[in-house]
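See below for the structure under consideration.
The values are calculated or read from the model by the stated rules, or taken from the named source; none is laboratory data. Since this is a predicted model, take the numbers as computed values, not measurements. Ideal geometry is used to build each Cβ from the backbone, glycine not excepted, and the neighbour counts take in all protein chains shown. Remember, those area values only see protein heavy atoms, side chains included, never the ligands or the DNA or RNA. Shrake-Rupley method; radii C 1.70, N 1.55, O 1.52, S 1.80 Å.
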Amino acid sequence: MIRMIMHGCCGAMGRVITSIVSEDPDIAIVAGIDKNTGGQCPYPVFPSLNECTEEGDVIVDFSAPAAVDHLLDYCEANKIPVVLCTTGLTKEQVERAGEVSKSAAVLRSANMSLGINLLFKLVAEAAKVLAASGFDMEIVEKHHNQKKDAPSGTALALAEALNHAVGQAYHNVFDRSQTSEKRDAKEIGISAVRGGSIVGEHDVIFAGKDEVVTFSHTAYSKAIFAKGAVSAAKFLAGKGPGMYDMSHVIG
């Protein structure tokens, strides 16, 4: 039985993961970490990792960027594997995660769903053919009106996959409203929409002369991200130091 600590247990994703784990015989949440210790959780909840009295084999994090610094310090000091799912991290925090991976297993992915991680591979293959033929590349992402970071981490990861596929020859453009000029052939446009209760939609558009190819992924429930995080936790428990992502889980 894998013992898991849920970091951010009282948040929306923490609650979904708690429900999924409760029906899985191979893994159990032994403790939760959240400032809101009064939440209704079927396990003990502590305000910080330092105050946690339970031992875990892996930590799953769906918290907030402000809580990640202490999380990484704790995992480094205690050599505990961590599935890092929080989005909106700073460049410094991402670099810090890389440093921690020298002491403990760290799995970080812009998106935990199986479908999105397959999409990364598909659009990269498409870019090798279509971008070389002069197709413009655009990304449109849509999320609910409570999401704070924009563009989404998934949109940025999709842009990275496209750019890597074509030899890092392109640059990202996030806002065209401040300029009045023709689109650069070597740019990847990224647009963000925030509204209602949209869980997550990502379109990667290849627009050529007289034809358009679009790859789309729609998330209808947060459960797909939670299921991916639980699968990642199972994969990561017992792993030695290193940086992992969802491609390792899928592979």
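What's the local net charge at GLY14, with K and R +1, D and E -1, over the other residues with C-beta under 15 Å away?
Counting the neighbours of GLY14, the net charge comes to +2.
To the nearest 20 Debye, how big is the dipole of the chain about its Cα centre, given +1 on the beta carbon of each Lys and Arg and -1 on that of each Asp and Glu?
So the dipole magnitude of the chain works out to roughly 180 debye.
Put +1 on the Cβ of each Lys and Arg and -1 on the Cβ of each Asp and Glu in the chain; which of CYS75, THR53, ALA232 then has its Cα farthest toward the positive end of the dipole?
Value computed over the given set: ALA232.
What full-extension length gain, to one decimal in nm, is calculated for ALA223 and GLU187 as 0.36 nm per residue of separation minus the Cα-Cα distance?
Gain on extension, ALA223 to GLU187, equals 9.6 nm.
Say the cut-off is 20 Å between C-alpha atoms; which of LYS148/LYS234; LYS121/LYS147; LYS128/LYS209; LYS35/LYS227; LYS102/LYS239; LYS91/LYS148 go over it?
Working: LYS148/LYS234 29 Å; LYS121/LYS147 26 Å; LYS128/LYS209 17 Å; LYS35/LYS227 24 Å; LYS102/LYS239 12 Å; LYS91/LYS148 17 Å.
Violating the 20 Å Cα-Cα cut-off are LYS148/LYS234; LYS121/LYS147; LYS35/LYS227.
Relative contact order, percent, of the range 36-153 when contacts are C-alpha pairs under 8 Å separated by at least 6 residues?
With pairs under 8 Å counted, the relative contact order is 21 percent.
Quick one: go through the range 122-158 and flag any residue whose amide nitrogen is under 16 Å from the point 7 Å out along the Cα-to-Cβ line of VAL213.
122-139
Any idea which of ALA132, HIS217, TYR170 is furthest toward the positive side of the dipole for the range 127-251, if Lys and Arg beta-carbons carry +1 and Asp and Glu beta-carbons -1?
HIS217
What dipole magnitude, in Debye to the nearest 20, does the range 132-203 give about its Cα centre under +1 on Lys/Arg Cβ and -1 on Asp/Glu Cβ?
180 debye
Kirkwood Rh and Cα-based Rg: tell me the resulting Rg over Rh for the range 100-234, rounded to two decimals. Walk me through the numbers before you get to the answer.
Values: Rg = 15.9 Å, Rh = 16.0 Å.
Rounded to two decimals, Rg/Rh equals 1.00.
Within the range 13-68, report the GluC sites (Glu not before Pro) that DSSP leaves as loop and that have at most 14 other Cβ atoms within 10 Å.
On the way: sites: GLU23, GLU51, GLU54, GLU55; in loops: GLU23, GLU54, GLU55.
For GluC sites (Glu not before Pro) across the range 13-68 that sit outside H, G, I, E and B with at most 14 neighbouring Cβ atoms in 10 Å, the list reads GLU23, GLU54, GLU55.
Only helical DSSP H runs with n ≥ 4 go in: add -39500 (n - 2.57) per run for the chain, normalise by residue count and round the 222 nm mean residue ellipticity to 500 deg cm²/dmol.
-10000 deg cm²/dmol
Sequence-distant or interchain residues sharing an amide H contact under 5 Å with PHE135, placed H: which?
Those qualifying (amide H under 5 Å, at least 5 residues apart or on another chain) number zero.
Counting C-alpha atoms alone, how compact is the chain: give Rg to one decimal and Dmax as a whole number, in angstrom.
Taking only Cα atoms of the chain, I get Rg and Dmax of 19.3, 63 Å.
Per residue, how much accessible surface does the chain expose to a 1.4 Å probe? Answer in Å², no decimals.
Values: 12490 Å² over 251 residues.
Per residue, the chain has an accessible area of 50 Å².
Given +1 on the Cβ of Lys and Arg, -1 on the Cβ of Asp and Glu, and no further charges, what dipole in debye does the range 53-170 carry about its Cα centre, rounded to the nearest 20?
Here the size comes out at about 340 debye.
For the range 1-52, just run the numbers: alpha carbon Rg, then divide by 2.2 N^0.38 Å, N being how many residues it has.
In units of the globular-protein estimate, the range 1-52 measures up at 1.03.
Ignoring ligands, DNA and RNA, what percent of the accessible area of the chain is carbon or sulfur (1.4 Å)?
51 percent
Taking 2.2 N^0.38 Å as the expected size of a compact globular protein, what ratio does the Cα radius of gyration of the range 156-202 give against it, to two decimals?
1.37
Provide Rg over Rh for the range 107-159; use the alpha carbon set for both Rg and the Kirkwood Rh (inverse mean inverse pair distance). Walk me through the numbers on the way to the answer.
Values: Rg = 12.7 Å, Rh = 12.5 Å.
That ratio is 1.02, to two decimals.
Please list, short to long, the whole-number percent of alpha-carbon pairs of the range 86-174 in consecutive 5 angstrom bins beginning at zero.
Percent of pairs per bin, in order: 3, 12, 20, 20, 20, 14, 8, 2, 0.
Take the Cα atoms of the range 9-148, find their three principal axes, and give me the spread along each one in whole Å, biggest first.
Over the range 9-148, Cα extents along the principal axes are 59, 32, 31 Å.
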